[in-house]
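First comes the structure, then the notes that go with it.
Rule-based calculations on the coordinates, nothing more; no lab input. The model shown is predicted, which means the values in this text are computed figures rather than measured ones. In this analysis, Cβ positions are derived from the backbone assuming ideal geometry, glycine residues included, and neighbour counts consider all displayed protein chains.
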């Protein structure tokens, strides 16, 4: 299935590539790279709305992917959504201040290049096979504690993983969940915000900041975060549900 999709893309047979990637993403819905390629095929087929949805889905699964940011931002620019395009270019620059294509994109839109903020931590590329095996074992240990509602143990185990992978927003969000389940709402919100600082377009982080605000009694703040979650993934089902229930 994937080989067929790749061959169709290589042949620039976009209708066939679109169908093949549609089938592949249906079978592998959490494969961010496949959603990105599906977006390419849809865009080249002239389905800009479908391409936008596919790129947003890819970004929701992998919010730190600068290449997805770039393709999404260019598509948004070309369909006339200049403000959101600039926001996505800006987020890519926040993650990588040296990302030249994002600077060019902002310049083409007539937006100023933002000053560089604190550098985001980058994933290491030097892990050995043994490192990855040991990480997966420790991750399962943390997940097991979470599944058993051993919130303090889950928090400690996820924090141990985060010390070794301080760039990993997914671990920050899991720590936030464990803190929230212990009733530590403010600490949970701080951890969700830390994830958002690392990945500015992380729809999931906004969703859970919304939940934390709701638990703290800040309904307007919660709704603001739910709307931001939808801005970065318009199909986010939980954010849609929260705002629908509030209406």
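Structure notes:
- Verdict on residue 235 being within 23 Å of residue 90 (Cβ to Cβ) and surrounded by fewer than 21 Cβ atoms within 10 Å (Cβ to Cβ): yes
- Against the test of being surrounded by fewer than 19 Cβ atoms within 10 Å (Cβ to Cβ) and under 25 Å from residue 195 (Cβ atoms), the options 115, 19 yield a single qualifying residue, 115.
- Residue 235 being touching a residue at least 60 places away in the same chain (Cβ under 8 Å) and within 23 Å of residue 63 (Cβ to Cβ): yes
- Screening 80, 107 for residues that are surrounded by 11 or more Cβ atoms within 10 Å (Cβ to Cβ), out of contact with any helix residue (DSSP H, G or I) (no Cβ under 9 Å at 6 or more places or on another chain) and more than 29 Å from residue 177 (Cα to Cα) leaves exactly one candidate, 107.
- Scanning the stretch 26-51 for residues that are touching a residue at least 12 places away in the same chain (Cβ under 8 Å), part of a helix (DSSP H, G or I) and surrounded by fewer than 21 Cβ atoms within 10 Å (Cβ to Cβ) gives 27, 32, 33, 40, 44, 48.
- Number of positions in the stretch 226-247 that are over 27 Å from residue 65 (Cβ atoms) and part of a helix (DSSP H, G or I): 3
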